[in-house]
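First the structure, in the form of structure tokens, and then the observations on it.
The values are calculated or read from the model by the stated rules, or taken from the named source; none is laboratory data. Predicted model, so just to flag it, every value in this text is computed and none were measured. Cβ placement follows ideal geometry from the backbone for every residue including glycine, while neighbour counts extend to all protein chains displayed.
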Ligand SMILES: [Zn+2]
């Protein structure tokens, strides 16, 4: 197999089909109000470290559906909010990153995400070396030990190609199948890397359809139309339209699974695991819910919103 194709095995963002949106009558309207509501109403959590432990983020790292959500959360915490965390939360955070390193090592996937976290950790260590360590000296030594362990795991990771006698190899796939793979990538950087990896993919990535469907995945018809109207010369150049849209509106953030907030009992939970809900045990509560749209009871919580629950 082409050497560049092996490199692509590190992991790519795949498109997740757009779900039909239901209108959620949220009472939360702004950040400040949201923080207050959450502090009062989130059931059972006193702080971020407890939430991360009770939602079992360490084990969840090994679930492919939850991996990207957790990595985004770690990214936000390490890059911007580390100094705002308690010593306990910092320890939990570093332990989860160690688990991410183990998962990447075992699965041979998403090494670029681990590399990004390691780069941010390096900056944290350098910053601490300039006279402002995080928390107490003993605590910081413990963090350094964990960070060193993470680096050791990362250094030992070697992406292994599939054995040569395994068939079919990627390069043996018919062009239609390769196109279907490219149509499922959700990120322009992955498309560009694919084009560099193999001539057939380079030719397919030039097709208008790939970029048009990428635009339709990330942006609404109204957004697309407004960019086309504002730059009439780009009407057929979907790659250019995509980049204009990306700069204008930002890319859509999608995860296979997100933390959910139950509006009945104000509980945070993983959708695939569920939670013991007050609505299931209290007949009076069930009565009140008779006329309520059941699909609006659980609110998906993106990583940024999750951190706001803890004033981060
Ligand atoms: Zn509930």
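Couple of notes before you dig in:
- Selected residue (criterion: farthest from the ligand (Cβ to nearest atom)) from residues of the range 246-289 that are part of a helix (DSSP H, G or I) and surrounded by 15 or more Cβ atoms within 10 Å (Cβ to Cβ): 246
- Among (1) within 13 Å of the ligand (Cβ to nearest atom); (2) in contact with a strand residue (DSSP E or B) (Cβ under 7 Å, 6 or more places away or on another chain), the one test that residue 301 misses: (1)
- One residue alone among 306, 310 is away from the ligand (no atom under 16 Å from the Cβ) and in a loop (DSSP other than H, G, I, E, B), and that residue is 310.
- Test: residue 198 is in contact (Cβ under 8 Å) with a residue 40 or more places away in the chain, more than 16 Å from the ligand (Cβ to nearest atom), within 30 Å of residue 169 (Cβ to Cβ) and crowded, with 16+ Cβ neighbours inside 10 Å: yes
- Some residue of the range 7-14 being surrounded by fewer than 19 Cβ atoms within 10 Å (Cβ to Cβ), at pLDDT below 95, more than 22 Å from the chain's Cα centre (by Cα) and not in a loop (DSSP other than H, G, I, E, B): no
- Flag if residue 192 is out of contact with any strand residue (DSSP E or B) (no Cβ under 7 Å at 6 or more places or on another chain) and within 19 Å of residue 253 (Cα to Cα): no
- Residue match in the range 213-226 (condition: away from the ligand (no atom under 15 Å from the Cβ) and touching a strand residue (DSSP E or B) at 6+ places or on another chain (Cβ under 6 Å)): no
- Index of the failed condition, residue 116 passing every other in (1) over 21 Å from residue 140 (Cα atoms); (2) under 14 Å from the mean Cα position of the chain (by Cα); (3) modelled with pLDDT of 95 or more: (3)
- Odd one out for residue 80 among (1) under 22 Å from residue 52 (Cα atoms); (2) in contact (Cβ under 8 Å) with a residue 40 or more places away in the chain; (3) surrounded by fewer than 20 Cβ atoms within 10 Å (Cβ to Cβ): (2)
- The residue list 90, 103 contains one member that is at pLDDT 90 or above, under 30 Å from residue 218 (Cβ atoms) and surrounded by 15 or more Cβ atoms within 10 Å (Cβ to Cβ), which is 103.
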